[in-house]
Amino acid sequence: MTVQYLENVMMRLTYFLTLLVFASFVSCSSAQIKNPLQKAQELFGETPLTEAEVARGLKEALVNGITNGSNKASQKDGYFLNPKIKIPFPEDARRVETKLRQIGLGKEVDKFILSLNRGAEKAAVEAKPIFVNAITSLTVEDAWGILKGDNDAATQYLKRTTSSQLTAKFQPIIKSALDEVNATKYYGDLVNTYNKIPFVQKANPDLDAYATQKAIDGLFSLIAEEEDKIREDPLARTTALLQKVFGQAD
């Protein structure tokens, strides 16, 4: 809230109270005069946000964004058919992909990429409670800064404060998911085949670490989209608290 906004509110409140005092002298019954605070609320609309409301509103927005983002990512093809978050062949082994396609193993490469994204989709199901637990560390000061910040301020806050913890917790989940869909096996077979080609530089990048980071990046991307909707689209503010918090921030 700006100083100018507060000054305008005080001027209007002073004017209203002056009229109210005058009315009390000419009215036949003081009981007919409404409580000044009630009248002021009717005149000005919403009451100013409290610190607790801002914190609760931001946490609610983050939970909404996380829920929607996690749901989208965990659907079949949530990663694979979304060009913004689809996980490609590992960058460090891109030469592996190129060489394997050149020698006619394109279908095997495509099978691996599909399984890689299927693993991320399965892991995304487990992401929500990890993210939601991280939101509890949001302070009142953080909330005010986020409310007045950029359109992805909440997402960036979550990245800064939880990325290392999320990686540590998420990596075993993504590893299990990759094993379940045979992505690890497909990748091992492809790398072993590549390493047998004469004169090539041997490759063996860490698939688990790569897939974990890409999966988390994709989730953050979806959460940022949900945050942007809540900030920019009144229809996306599905509760009274969200309407109040982000409505007064507009």
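The values are calculated or read from the model by the stated rules, or taken from the named source; none is laboratory data. Here the structure is a predicted model, which means the values were calculated and not measured. A quick note on method: Cβ atoms are made from the backbone with ideal geometry, for glycine too, and the neighbour counts reach across all protein chains shown.
Observations, loosely collected:
- Pairs meeting the criteria (first residue in segment 167-192 and in the same structural domain as R95 (by TED's automatic domain parsing), second residue outside any helix (DSSP H, G or I) and modelled with pLDDT under 85, beta carbons under 7 Å, at least 6 apart or on different chains) are I173/E126; V191/A203; V191/N204.
- Count of residues meeting criterion [within 14 Å of the chain's Cα centre (by Cα) and among the aromatic types (F, W, Y)] in segment 128-180: 2
- Tabulated pairs, segment 204-220, first more than 15 Å from L158 (Cα to Cα), second part of a helix (DSSP H, G or I) and of a type in the set (F, W, Y), C-beta under 9 angstrom, 6+ apart or interchain: L207/Y187; T212/F170; A215/F170
- Residue check, A124 small (G, A, S), surrounded by 14 or more Cβ atoms within 10 Å (Cβ to Cβ) and closer than 19 Å to G218 by Cβ: yes
- Restricted to segment 57-85, and to residues there that are outside any loop (DSSP other than H, G, I, E, B) and without any contact (Cβ under 8 Å) to a residue 60 or more places away in the chain, the residue that is nearest to L114 (Cα to Cα) is S74.
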